[in-house]
Amino acid sequence: MISAARVDYGHFLLKDCISQSAIFDFWYGEVRAPQAYVPCMVRRLLPPYSQGPEYVQILRARCRDIQAVRHPCMRRPLEFGVIDSIPHAVFGLEPCWNLDDLCAAHFKSHRPMPPEIAASLVLPIAHLLASVHARPGAPLVHGAIQPSAVWIDRGGMVRVSDFEIGALQEYVVRALDQNDPLRQFVAPERALQWARPGPAADVFSTGAILLDLLAPGRLTEVQLRITHAEKLTVLGRTGLPERFMRIVAACVAPDPARRPTMTNLHKALKHWLEETGRAVSLSAYVVGHAPPMPELVEMARGDDAVVRALQEVPRDSSVFAESTMTVSPANDELEGAGEDDGERPGAASLVRAFAIVAAVVVLALVGYAFRGQLSSLLRAPGSNMALVVVTSDPPGATITLPGGKTVGTAPLKVPLHVGDDGKVVLTARLRGYESPPPLSKSVKGAQAVEFHFRLEKRPPGPATARIITIPPGAKIAVDGRTRGVSPIDVGDLHSARPHQVTAKKKGYRTARQTVTLVPGEISEVILDLERTAPVTAMGQLVVVTYPNARLLVDGRELGPTGEEMVYPVAAGRRSIQVLDPATGREASYVTVIRPGVTEVLEYAFGGDRWRARAGGEY
């Protein structure tokens with residue numbers, strides 16, 4: 001929680017600011033109804049974004065989309081409105097913990113979170129996201145899911161918030177700053193400015209949450225400087241289940257096409273928990289490990305109480321002017337959530353139909369305004385922002401501001417703040433290319449500012465390969481020369497020709513990969529080793545006794561006994577049993593089968609004596 005002065009709107013009080021960024025802040029608050037003061041949570045869109053109609057309309061439309069979702073794990077805004085020209089989204093407040101709080105408690109106790117707990121926490125998240133991804137028409141994508149957007153109550157119920165903020169690409173772009181903690185949860189493809197995220201982006205974020213849960217604190221100091229592949233390598237040394245880690249690795253694959261769908265992720269986690277017998281009670285675990293709740297949260301009374309209080313608040317000019325909605329939360333069940341329940345006849349259906357038509361019209365108007373009028377909106381009197389259009393040759397260059405803050409990947413179109421000197425300064429960099437000098441351009445009137453960077457390919461030269469294997473501990477050879485054990489940096493290579501990297505580890509198939517390195521940089525090479533089927537050493541067994549007696553080894557029948565009956569048997573200590581079907585007599589014997597050796601045993605029922613032939617030869 002951060003310190004902030006209280007904000008009093010009379011019938012509405014913001015008491016404690018939980019978090020704050022350049023775009024949003026989030027508060028514990030109270031709805032001051034005539035009959036009672038009811039705790040709630042409030043998210044506000046801050047200036048200058050609250051002054052841009054396109055941002056407000058996007059946020060309003062997303063809140064409507066969220067309210068249409070019928071799923072118990074969805075934390076829906078109960079009202080969206082404007083107070084003193086600042087948009088507010090009001091949420092109910094349940095006695096619950098934030099997932100960040102649970103991670104922090106684990107870090108303080110110096111105990112990593114068990115994988116079955118991490119999987120159980122993510123399972124309902126995956127169920128919710130699979131449901132909204134499968135919506136008829138356009139899927140609803142979260143776009144900004146992270147541990148602080150996940151809440152768990154005393155009963156172990158998991159709910160997801162922040163669906164509304166993921167709709168604002170500007171929020172996600174800011175997270176690409178190298179020092180923003182949200183950066184590790186943003187899918188690589190979201191670096192493209194104004195690109196609509198797909199369901200695969202949510203899969204990446206969910207996998208990143210699993211990584212964060214498995215190592216809260218242990219990676220905190222360096223997590224913004226290492227890749228997800230390096231995190232997987234570090235965690236691979238801790239003895240986590242290999243099958244579970246493969247599920248996590250698939251989620252954070254850099255290529256969206258190689259990630260599972262959210263439905264398949266939910267099935268994989270569920271099957272892993274069931275087949276390994278690792279199902280747990282989230283309620284008992286959370287209560288036993290979570291820190292104390294804030295006093296205001298302890299007093300929470302849920303969505304229904306907030307809705308009743310909102311309905312009692314007078315609608316005057318100072319409280320929720322331009323308010324567009326107040327809805328009652330639905331008491332849905334998890335099974336079948338996300339399915340269409342059908343239209344209910346009457347006024348409710350008409351209102352819902354009107355809301356859908358209105359939302360479509362608003363989005364169309366926003367698109368028109370964004371394409372044709374955004375420049376003039378941004379350069380209105382008193383504004384310090386400009387629309388910047390950036391291209392690069394070749395495309396894909398990372399664009400940064402002075403100080404290193406990342407803006408996005410070219411080509412892009414983005415509103416940026418103008419410096420006190422009336423200029424915008426940008427820098428471009430691309431792996432394998434020389435970085436050109438920074439470009440500075442003056443902003444004139446309402447015109448968009450265009451930047452174009454031409455990058456020259458870096459000449460061949462010395463290069464370094466950072467070789468990582470999953471799991472680690474493999475012997476690494478480069479171009480046939482042994483270099484050490486993974487993970488390892490090999491620095492005496494050259495970019496002028498390809499290099500062959502070979503990884504060998506006992507119990508795994510040999511992996512080979514041919515790579516071309518980037519001069520002057522560290523190129524990451526990742527080899528995923530495939531486990532080989534265990535090779536069982538075999539010997540042979542012959543048992544000589546009465547003809548056609550039944551032979552069993554370790555309780556499994558092999559066939560009849562006899563001089564000519566030679567049976568392959570796994571090497572090791574084995575229990576031998578002979579049954580005479582004519583007399584019903586039986587005898588048992590324990591022997592050791594040696595690899596590559598035929599063991600010959602003789603048994604006479606009359607003498608009740610076993611004998612192994614000398615030398616075990618046959």
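How much length would be gained if the chain were fully extended between Glu563 and Lys504, taking 0.36 nm per residue of separation minus their Cα-Cα distance, in nm to one decimal?
16.8 nm
Please list, in order, the residues from segment 451-472 whose amide nitrogen is less than 18 Å from a point placed 7 Å along the Cα→Cβ vector of Asp492.
Label zone hits: 461-467.
At R0 = 22 Å, how high is the FRET efficiency between Arg6 and Leu46 if r is their beta carbon distance? Nearest 0.05 is fine.
That pair, Arg6 with Leu46, gives E of 0.85.
Could you state the principal axis extents of the C-alpha atoms in segment 523-577, from the largest down, to the nearest angstrom?
70, 20, 16
Using the heavy atoms of the protein chains alone and a 1.4 angstrom probe, what is the accessible area of segment 470-584 per residue in square angstrom?
Ligands and nucleic acids excluded, the figure is 56 Å² per residue.
For Arg243 and Val515, FRET efficiency with R0 = 35 Å and r from the beta-carbon atoms, rounded to 0.05?
Working: r = 28 Å, r/R0 = 0.80.
In this case the efficiency is close to 0.80.
Using the beta-carbon distance between Gln35 and Ala448 and R0 = 41 Å, what value does 1/(1 + (r/R0)^6) give for FRET efficiency, to the nearest 0.05?
My answer for the efficiency is 0.15.
Sorted by packing (mean other beta-carbon atoms within 10 Å per residue), highest first, where do 126-133, 547-554, 578-585 land?
Numbers: 126-133: 24.4, 547-554: 16.0, 578-585: 13.1.
Per-residue mean Cβ counts within 10 Å order the peptides as 126-133, 547-554, 578-585.
The values are calculated or read from the model by the stated rules, or taken from the named source; none is laboratory data. These numbers come from a predicted model, not from an experiment. Methodologically, a virtual Cβ is constructed for each residue, glycine included, from the backbone with ideal geometry; neighbour enumeration extends over all protein chains shown. Areas reflect the complete protein model, heavy atoms only, side chains present, ligands, DNA and RNA absent. Shrake-Rupley method; radii C 1.70, N 1.55, O 1.52, S 1.80 Å.
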